[in-house]
1. Of everything in region 8-41 that's under 25 Å from Ala210 (Cα atoms) and in contact with an Asp or Glu (Cβ under 8 Å, 6 or more places away or on another chain), which residue is most open to solvent (accessible area, probe 1.4 Å)?
2. Against the condition open to solvent by 40 Å² or more (accessible area, probe 1.4 Å) and in contact (Cβ under 8 Å) with a residue 12 or more places away in the chain, how does Ala75 come out, does it pass?
3. Kindly indicate the residue of region 189-214 that is modelled with pLDDT of 90 or more and open to solvent by less than 10 Å² (accessible area, probe 1.4 Å) and also farthest from the chain's Cα centre (by Cα) among those meeting that condition.
4. Go through region 86-198 and tell me which helices (runs of 4 or more DSSP H), entirely inside it, have 3 or more residues that are closer than 28 Å to Glu60 by Cα.
5. Scan region 58-76 and tell me whether some residue there is small (Gly, Ala, Ser) and not in a helix (DSSP H, G or I).
6. Could we say that Ala47 is in a helix (DSSP H, G or I), surrounded by fewer than 17 Cβ atoms within 10 Å (Cβ to Cβ), of a type in the set (Gly, Ala, Ser) and modelled with pLDDT of 95 or more here?
7. I'd like to know if region 155-174 contains one or more residues that are in contact with an Asp or Glu (Cβ under 8 Å, 6 or more places away or on another chain), over 22 Å from Ala75 (Cβ atoms) and not hydroxyl-bearing (Ser, Thr, Tyr).
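The values are calculated or read from the model by the stated rules, or taken from the named source; none is laboratory data. This is a predicted model, so every value here is computed, not measured. All Cβ positions, even for glycine, are placed from backbone atoms using ideal geometry, and neighbour counts span all protein chains on display. These area figures cover heavy atoms from the full protein model, side chains too; ligands, DNA and RNA do not enter into them. Shrake-Rupley method; radii C 1.70, N 1.55, O 1.52, S 1.80 Å.
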Amino acid sequence: MSGARVRPDAQRVHPAAEAIGAGLEAWLDKFALGDERLRGARFHLLAARILPDGARVNVELLAQWAAWLAVQPRAAAYARLASVIEGTVSADEAAPTVLALADLWPRTAVGMSLSWRRRCLQHVRDDSGLVVYDVIESVRRTEIPIGIAHSTAWKTICGTVGELTEWCENDPPMEQVQERLGRLASAQLDLLGHLRTCHPAIYAPVLEVAETICAIPGARLAWRQEIGA
């Protein structure tokens, strides 16, 4: 974890990206989701950059999440996600986005602990973008221990990555970008120090999740350039 990976030329792409794209198209068709704008976004390329070395099934899952979140306003997406997690979806609710979510959530939550599900639900209730990082834990098949998730280092990493990702939509002053990158690098070092006090079995998986999260801004920037957004 040598620094914040945000440069587009530093991003690798999953070798099965195009096949993952075909799978995403089929999934969108299955639930009658999206229009040409959504399909033109090619979210499989974003997922393929965030998880260039991930198992194909997990990259597909991440691509589906990206598309699902993009197809509706954030508030509506989070309200529907909360209802599915809590099991309060109406029996006659047949909206395509809800049916798609009913397919997404079980595959995301499988194997994850009750603690992780509660944390995910809390992030949704708080209207927090942190739920995206919960999904990253799932597609990396790793849970961040509570002690680390509540640490200042982890919160700083997630918050700073969120700021950098939002800035992909704009053109912020370079000094602001450099300040955030410096903050991110410092938080990464703090996280490494914290991890060294943990059980060795925790070190590598948590580090992999952290590096994946830190790669999101660069992956998003490269993806936007690739699709011409």
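1. At the first step, the residues of region 8-41 found to be under 25 Å from Ala210 (Cα atoms) are 8-17, 20.
From what's left, in contact with an Asp or Glu (Cβ under 8 Å, 6 or more places away or on another chain): 12, 14, 20.
Details: Arg12: 137, His14: 19, Ile20: 1 Å².
Ranking the qualifying residues of region 8-41, first place goes to Arg12.
2. Numbers: open to solvent by 40 Å² or more (accessible area, probe 1.4 Å): yes; in contact (Cβ under 8 Å) with a residue 12 or more places away in the chain: yes.
So Ala75 fits the description; yes.
3. Leu191
4. On the way: elements: 96-109, 114-125, 131-139, 146-149, 152-167, 174-195.
Helices (runs of 4 or more DSSP H) meeting the threshold: 96-109, 114-125, 131-139, 146-149, 152-167.
5. Step one: of region 58-76, the residues small (Gly, Ala, Ser) are 63, 66-67, 70, 75-76.
With the extra rule that they be not in a helix (DSSP H, G or I), the set shrinks to none.
Within region 58-76, none of the residues are small (Gly, Ala, Ser) and not in a helix (DSSP H, G or I).
6. Values: in a helix (DSSP H, G or I): yes; surrounded by fewer than 17 Cβ atoms within 10 Å (Cβ to Cβ): no; of a type in the set (Gly, Ala, Ser): yes; modelled with pLDDT of 95 or more: yes.
Criteria not met by Ala47.
7. The first filter runs over region 155-174 and keeps only residues in contact with an Asp or Glu (Cβ under 8 Å, 6 or more places away or on another chain), leaving 156.
Filter once more, so that each one left must be over 22 Å from Ala75 (Cβ atoms): 156.
Now restrict to residues that are not hydroxyl-bearing (Ser, Thr, Tyr): none.
Scanning region 155-174 turns up no residue that is in contact with an Asp or Glu (Cβ under 8 Å, 6 or more places away or on another chain), over 22 Å from Ala75 (Cβ atoms) and not hydroxyl-bearing (Ser, Thr, Tyr).
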